[in-house]
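To keep things clear, I will list the structure first and then write my remarks on it.
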4 protein chains.
Amino acid sequence: MRIRVGCEFDYESPGITPTIWQVRPRADREQRLVSESWSTSPSLPWTSYHDTYGNVCNRLTLPPGRTLLRYDAHVEVPGVFDDADKEARQVPLESLPDETMVFLLASRFCLSDVLRAPAWDLFGGTEPGWPRVAAVCDWVHENVGFQIGSSNPFTSALDVWEHRTGVCRDFAHLGLTLCRSLNIPARYVFGYLPDVGVPPPYEPMDFCAWFEAYLEDRWWTFDPRNNVPRTGRVVIGRGRDALDVAMVTTYGAPILRTMTVLADEVGDEG
Amino acid sequence: MRIRVGCEFDYESPGITPTIWQVRPRADREQRLVSESWSTSPSLPWTSYHDTYGNVCNRLTLPPGRTLLRYDAHVEVPGVFDDADKEARQVPLESLPDETMVFLLASRFCLSDVLRAPAWDLFGGTEPGWPRVAAVCDWVHENVGFQIGSSNPFTSALDVWEHRTGVCRDFAHLGLTLCRSLNIPARYVFGYLPDVGVPPPYEPMDFCAWFEAYLEDRWWTFDPRNNVPRTGRVVIGRGRDALDVAMVTTYGAPILRTMTVLADEVGDEG
Amino acid sequence: MRIRVGCEFDYESPGITPTIWQVRPRADREQRLVSESWSTSPSLPWTSYHDTYGNVCNRLTLPPGRTLLRYDAHVEVPGVFDDADKEARQVPLESLPDETMVFLLASRFCLSDVLRAPAWDLFGGTEPGWPRVAAVCDWVHENVGFQIGSSNPFTSALDVWEHRTGVCRDFAHLGLTLCRSLNIPARYVFGYLPDVGVPPPYEPMDFCAWFEAYLEDRWWTFDPRNNVPRTGRVVIGRGRDALDVAMVTTYGAPILRTMTVLADEVGDEG
Amino acid sequence: MRIRVGCEFDYESPGITPTIWQVRPRADREQRLVSESWSTSPSLPWTSYHDTYGNVCNRLTLPPGRTLLRYDAHVEVPGVFDDADKEARQVPLESLPDETMVFLLASRFCLSDVLRAPAWDLFGGTEPGWPRVAAVCDWVHENVGFQIGSSNPFTSALDVWEHRTGVCRDFAHLGLTLCRSLNIPARYVFGYLPDVGVPPPYEPMDFCAWFEAYLEDRWWTFDPRNNVPRTGRVVIGRGRDALDVAMVTTYGAPILRTMTVLADEVGDEG
């Protein structure tokens, strides 16, 4: 399935503003790039590096005044819905692969250490493995209200736990935090999610967040915001939480005048 | 200078307890190993991996009952006091090396995003670079009281900011958090610190924590707990905060009956 | 199964001799360390780093005169014979995991580019996948004579191809080179191999070399020198060829007076 | 200084042809990207990975028939000539940074082990450090004849040493091999080199190769083919030799009908 993704930002910057960007799809085995373009107006040079999770980060310094940034890409993804295996077993802690261990630790927005007791109260009685993660997602989906504007850049999973409202970032944070509290490695995923195979009405397109949990012998996609299998996900980055994979990190106080995000299915020659 | 370091743990575990250990000095250019031994009673097999910061982590599963763990090493370190350069300049954000950027981000215990405003209130008037970091350290040293038992595994730099007491871990957390708020990359360091060249009385030896800030073209040691140059530091690990470089992470509820830490200067053939 | 491994080197060095060592078993999921010790006489400081393949390398500078170096460890390995699956399929080039691609390239001792034509002449008619790799191993085992002293540090797989004699390093080099020529990722493995379950007579113990080929979805052990399944292998390192995982690399001209290698099964409390 | 680089390949492939590409400039601190585009006709999906040296590799499978591939980019590089410091000292082996050690080892095309004796015969009398590397470059420049068509994909530095002809790849290979023989870490560099500040006549533009040697505390550019400081270099990749950083690696037998390379200075808004 071919997906067109992209985004456009219109900034007004009072002075020199260093920024870091993560908008490019990971070009790995699951999602292949067909074409891409990145442009800024005025034309600005940028550099690129990989963070400790292997995500691509672009560095760019905005000059004073107005800057337009635009990214577009065509991506080929498997035209299938999120994998599910209700038999997927929980891996005993001592058998977890080394590289999953970091995703058991608490992080800035995911205070799994603080939520340990309530997590076990709520989910300790469920069957370990897939059913336990599914129970977490069902609970978050049913108990947290989706409300644009209900969270801010400081909102942690603990806040979501307490206030029971949020956006997709917050649903993902709370879901993965509870998994970590239950000793299941879980990581935050950030990307594009087109409305493919979903009945209207559609909200305005935005970047999207979900999470992955490690069960049996691999990572599985879970999305407590939507809580139904979806197709067409395009991953930009993975990390401990939203702080590790921020769409844009700015050092300074630029005004974001408008932001547009695009994610659509297109024909094969689209 | 040759330093003998080591530690001994005596655990009573109600059941199978997976654990991760960081007790081994980093054997890099600055600190060379002369000898080391690691033993457990009963004899237990362990595996080893490197985390995303390059720290060595040992995995070990405690059986039910009592386990003794003991690590000993002789380390050769430069016999000099912490480097200082009052002229070291602050690096503009857009010129910072890529690998320092992660140490500008907030983390579980170091909420530099939350403390941004107070940090600028307090230190915005100081000269950028070395003087600014030194002002942070002086302030933490003078305003936070050292008190064993005043903090727990959940204590963040924000708590220390509010309550003004802590142990060396907390002094380091608050100092590095304020640096990050001021756009200076700062990372947590965990290791052994012998009482070399320090007048008595001595507290019981323990693991120690300080931080490093990036200025000019390198990382520099800062230690707001002691706030005087020291010699003989032996680094075990570096990370965003204490969560990344925990001496031991246990999954379960073993009782730590006793813990002993050792760090002493020894003669060259010691 | 618990294996005792170790080695001892006795060097006479005319001057300062920088050296790099690889003698320590990889402490990964498959082989767990129980105890280890490293000592030198005179007592010498060393540092440690990881090469690009994740192997541990120890750096050590020998002083003028005589130096003894000794490494000992107890390792827990699965008490099973080398896995085999005659149905394991060859992975089409375009589907190979990224991290296997480097093991398709020619290297200093493994000139798979030069041997491409003969490899296809000899093995192009065999069934792809496991049968093809097995055919390569059988051919090497039958056509190359084992002869201590028949090869030197410059001997490449091309030399072995031409002269048809070698030691285990050369058997491994030729086997893996032919696999690469046939578009099967293959890597050199270096370690300890005890005589467990093997009838006498025994040769004097030495370090050992074999190779791994990537089929289906994993790496498999192949050992054209012995060409029968073995148990008790303890891996020290993996790389493109013997150059990447040298037991010791010396810069200078020390005389190796004696070298002893040890690899034995021991009881559980051994 | 802004450089426009690019390349175009026209392939005729008899069947499915897996390929790996390295044509994209490294977007690091020294060279910043301003814009780039990559396109194929027919439109083909690709994936991307980083090799063990941090170079970007793109994987792409050519279908049977004709394929056009085109890459274009604008790059901002410092408008200065290659750095030189005739006082740069040679680093004693025991003090070399860990990450330089791999660039002392022999490799497929750079048999520094075989050329050790002649290297010391020729250059053992020169002053260590910068003068020694400069002497190597002068010698290669004067003793090897540049001749298109004189080398092939199998040509090693040993062949160049023996036949004394080659293209820029071969000049770089021989120069860096002699450095390694002399215990100076040296790595192969592959990229674009515009004819900026060079008097005509110009050869047809092609990819270019040079090498870097580690002296004092950093890597320095050396280019025995041109042997004069140049400006406008755009680095694509670095590795042990040309095998590690091949512009394109094909698995199959496609016919390359035409290849065009572009590297030009352009105005700031070019």
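The values are calculated or read from the model by the stated rules, or taken from the named source; none is laboratory data. Just so it is clear, the model here is predicted, and its values are computed rather than measured. Cβ coordinates were reconstructed from backbone atoms using ideal geometry, including for glycine residues, and neighbour counts include every protein chain displayed. Areas reflect the complete protein model, heavy atoms only, side chains present, ligands, DNA and RNA absent. Shrake-Rupley method; radii C 1.70, N 1.55, O 1.52, S 1.80 Å.
Of note:
- The single residue among D:Thr177, D:Thr155 that is among the polar types (S, T, N, Q), buried (at least 16 other Cβ atoms within 10 Å of the Cβ) and part of a loop (DSSP other than H, G, I, E, B) turns out to be D:Thr155.
- Long-range neighbours under 7 Å by Cβ, at least six apart or interchain, first residue of a type in the set (Val, Ile, Thr) within region D:111-127, second assigned to a loop (DSSP other than H, G, I, E, B): D:Val114/C:Phe154
- Residues of region A:90-123 satisfying the condition of being among the charged types (D, E, K, R), under 20 Å from A:Asp159 (Cα atoms) and in a helix (DSSP H, G or I): A:Arg116, A:Asp121
- Residue check for D:Val80: farther than 30 Å from A:Gly267 by Cα, of a type in the set (A, V, I, L, M), outside any helix (DSSP H, G or I) and within 12 Å of another protein chain (Cβ to nearest Cβ): no
- Selected residue (only one of B:Asp217, B:Asp206 is within 21 Å of B:Ser156 (Cβ to Cβ) and open to solvent by 50 Å² or more (accessible area, probe 1.4 Å)): B:Asp206
- Selection within region B:35-72: residues that are charged (D, E, K, R) and touching an Asp or Glu at 6+ places or on another chain (Cβ under 6 Å). The member of this set that is nearest to the other protein chains (Cβ to nearest Cβ) is B:Arg70.
- Only listed residue being open to solvent by 60 Å² or more (accessible area, probe 1.4 Å), touching a residue at least 40 places away in the same chain (Cβ under 8 Å), away from chain B (no Cβ under 14 Å) and not small (Gly, Ala, Ser), chosen from C:Arg89, C:Arg32: C:Arg89
- Test result for D:Gly145, away from chain C (no Cβ under 14 Å), modelled with pLDDT of 95 or more and either open to solvent by less than 50 Å² (accessible area, probe 1.4 Å) or touching a strand residue (DSSP E or B) at 6+ places or on another chain (Cβ under 8 Å) (or both): yes
- Subset of region A:169-205 [within 13 Å of A:Phe222 (Cα to Cα), without any contact (Cβ under 8 Å) to a residue 60 or more places away in the chain and of a type in the set (Phe, Trp, Tyr)]: A:Phe171
- Of the residues making up region B:10-29, those that are open to solvent by 20 Å² or more (accessible area, probe 1.4 Å) and either among the basic types (Lys, Arg) or under 26 Å from B:Tyr188 (Cα atoms) (or both) number 4.
- Among residues of region A:45-78, those that are over 24 Å from A:Ala242 (Cβ atoms) and buried (at least 19 other Cβ atoms within 10 Å of the Cβ), counted: 3
- Total residues in region A:179-218 satisfying the condition of being at pLDDT below 95 and of a type in the set (D, E, K, R): the figure is 3.
- Residue satisfying all of: in region D:222-269; among the polar types (S, T, N, Q) and over 27 Å from D:Pro131 (Cβ atoms); surrounded by the fewest Cβ atoms within 10 Å (Cβ to Cβ) among these: D:Thr258
- Residue match in region D:127-137 (condition: in contact with a Gly (Cβ under 9 Å, 6 or more places away or on another chain) and surrounded by fewer than 15 Cβ atoms within 10 Å (Cβ to Cβ)): no
This table checks each residue for (1) under 16 Å from the mean Cα position of the chain (by Cα); (2) more than 25 Å from A:Asp10 (Cα to Cα).
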| site | (1), (2) |
| --- | --- |
| A:Asp159 | no, yes |
| A:Pro201 | no, yes |
| A:Asp217 | no, yes |
| A:Pro224 | yes, yes |
| A:Arg238 | yes, yes |
| A:Gly252 | no, no |
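- Those residues of region B:96-119 which are open to solvent by 50 Å² or more (accessible area, probe 1.4 Å) and out of contact with any helix residue (DSSP H, G or I) (no Cβ under 7 Å at 6 or more places or on another chain), in sequence order: B:Glu99, B:Ala117
- Tallying residues that are farther than 13 Å from A:Cys179 by Cβ and away from every other protein chain (no Cβ under 11 Å) within region A:92-117 yields 1.
- Matching strands (runs of 3 or more DSSP E) fully within region D:184-270 where at least 1 residues are among the basic types (Lys, Arg): D:186-192, D:218-222, D:234-239, D:255-266
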